[in-house]
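The structure appears right after this line, and notes come after that.
The values are calculated or read from the model by the stated rules, or taken from the named source; none is laboratory data. Just so you know, these numbers come straight off a predicted model, no measurement behind them. Reconstructed Cβ throughout: ideal geometry from the backbone, glycine too, with neighbour counts over all protein chains shown. Side chains included, ligands, DNA and RNA excluded: accessible areas come from the protein's heavy atoms. Shrake-Rupley method; radii C 1.70, N 1.55, O 1.52, S 1.80 Å.
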Amino acid sequence: MKRRNIARRSRLTSFQVIIISFFGLIMLGTFLLMLPISSRERCVTSFADSMFTAVSATCVTGLVVKDTATYWSLFGQAVILALIQIGGMGVITIGLAVIKASGKKIGLWQRSAMQDSISAPQVGGIVRLTGFIIKTSMIIELAGAVLMMPVFCKDFGIVKGIWYSVFHSVSSFCNAGFDLMGVREPFSSLTSYSRNVYLDSVVMLLIITGGIGFLVWNDIGTHRLDFKRYSLHSKVVLFASFVLIVIPALYFFFFEYGNSEICERTVSSLFQSVTARTAGFNTQDLNAMDESGRAIMITLMLIGGSPGSTAGGIKTATFFVLLMSAVTVFSRRNDVQCFKRRIPDETVRTAGAILFAYLFLFFGSGIIISKLENLPLLTCLFETSSAIGTVGLTLGITGKITILSRVILMILMFFGRVGALTLIYAALPSAGSKLFRLPLEKINVG
């Protein structure tokens, strides 16, 4: 019997296990949310609405069809929070932590699955990295909750304030975008705190720490502030993240929030720039943005966070590699270079493939939903970029579209969280290495 289980497991690749694990968690969450105890009205929530919520929570997206605060009970909110936590840190990460806590030996196969799950560079040290991820996440989320308590305890009382602090801290760090502010106005996110610089700053810090990735935090923990000793991956992520926060914030500051006071204007601009890359909270009415502002938000949502983080999107490192590849072509150099290092051609090809997959699904899904729902294309593209980037920002159409359009969004959320390469590698067999190469012939491009 033991040999049969080993043989059966050996036929599954680590990429297939990652997909099955996420799907299993989604189905468990769906059935728990369908229970009468999960809703405030003590009614059975439909399978479609429960599954959409479970997919959104597990894929740390934040798109909802039911207001989290007013529709779901405390039990239902706890289920959503658990899905966010497990989905944010990764099902494989939690699984390895449980195995380690039980005292069982973690084999090479489990280590390999963990490596693929968080995009780690090597198998060596993966168990220690798993422990680091769990401890770091708990410490940061606890610190975030403590920092939020003065605000929420003042507004909602001690008990409810503590729950709100924990919920929003986990949701922020995991870049999920789920909120409990519907008690003031349904689907309002953090708009009622648009003038609260303190709370908005805490949320932004949590989003950024969760979005730069555990590999970067491991590098920071090892080398402290000695930037020169960081890996190329960490340098690229930190530089790209900084640029992608500052430049869009400057645009929002000068062209979107010109009528606000300087302090609120600055915080709102930074907040929208930070949250657009997979966090899903908003402090301003997104429908009030002009088309240029929405286009920038769409671009940020597609880029997303960093590899090995709680965020989605094509990732900052992918965007940076593609940018450096373009610079290489323009400058007529032979190799893609940055920070005095050469980037492998395989990495450049992989980045191009990821971008193509995301753009194809993003545009294709947006066009289909636009035709199905008879809605403006830009509005639908905003929704599909939010789904595939696992962001959660919306222009208010999520709860109004038909089941078929919601299914499309669920597929995009799952694709965005699991990752393009994971799905492709799980679906297609490895071509293997060949002993010969075909003749070379150039094609004219450009």
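Which residues, taken from the stretch 240-263, are under 25 Å from Val170 (Cα atoms) and either more than 25 Å from the chain's Cα centre (by Cα) or open to solvent by 40 Å² or more (accessible area, probe 1.4 Å) (or both)?
If the condition is that a residue be under 25 Å from Val170 (Cα atoms) and either more than 25 Å from the chain's Cα centre (by Cα) or open to solvent by 40 Å² or more (accessible area, probe 1.4 Å) (or both), then Phe242, Val246 are the ones that fit.
Out of Thr45, Thr53, Thr61, Thr30, I need the residue that is in a loop (DSSP other than H, G, I, E, B), in contact (Cβ under 8 Å) with a residue 12 or more places away in the chain and under 26 Å from Gly304 (Cβ atoms). Which one?
The unique qualifying residue is Thr61.
Would you point out the residue of the stretch 193-205, among those that are in contact with a helix residue (DSSP H, G or I) (Cβ under 6 Å, 6 or more places away or on another chain) and not in a loop (DSSP other than H, G, I, E, B), that is most open to solvent (accessible area, probe 1.4 Å)?
Only one residue tops the list, namely Val197.
Could we say that Ser292 is of a type outside the set (Phe, Trp, Tyr), open to solvent by 20 Å² or more (accessible area, probe 1.4 Å), over 18 Å from Gly396 (Cα atoms) and modelled with pLDDT of 90 or more here?
yes
Of the residues in the stretch 400-409, how many are closer than 19 Å to Leu378 by Cβ, of a type outside the set (D, E, K, R) and not in a helix (DSSP H, G or I)?
Adding up the residues that qualify gives 1.
If Gly446 passes every condition in (1) surrounded by fewer than 21 Cβ atoms within 10 Å (Cβ to Cβ); (2) modelled with pLDDT of 90 or more; (3) more than 15 Å from Phe52 (Cβ to Cβ) but one, which one does it miss?
For Gly446, the failing item is (2).
Any idea which of Gly144, Gly177 is crowded, with 21+ Cβ neighbours inside 10 Å, assigned to a loop (DSSP other than H, G, I, E, B) and at pLDDT 85 or above?
When all the criteria are applied, what remains is Gly177.
Of everything in the stretch 130-148, what is touching a Gly at 6+ places or on another chain (Cβ under 9 Å) and over 16 Å from Val166 (Cα atoms)? Give them in sequence order.
Within the stretch 130-148, Phe132, Ile133 meet the criteria.
Within the stretch 33-69, which residues are farther than 27 Å from Ser385 by Cβ and open to solvent by 60 Å² or more (accessible area, probe 1.4 Å)?
Leu35, Ile37, Arg40, Glu41, Arg42, Val44 - these are the residues of the stretch 33-69 that are farther than 27 Å from Ser385 by Cβ and open to solvent by 60 Å² or more (accessible area, probe 1.4 Å).
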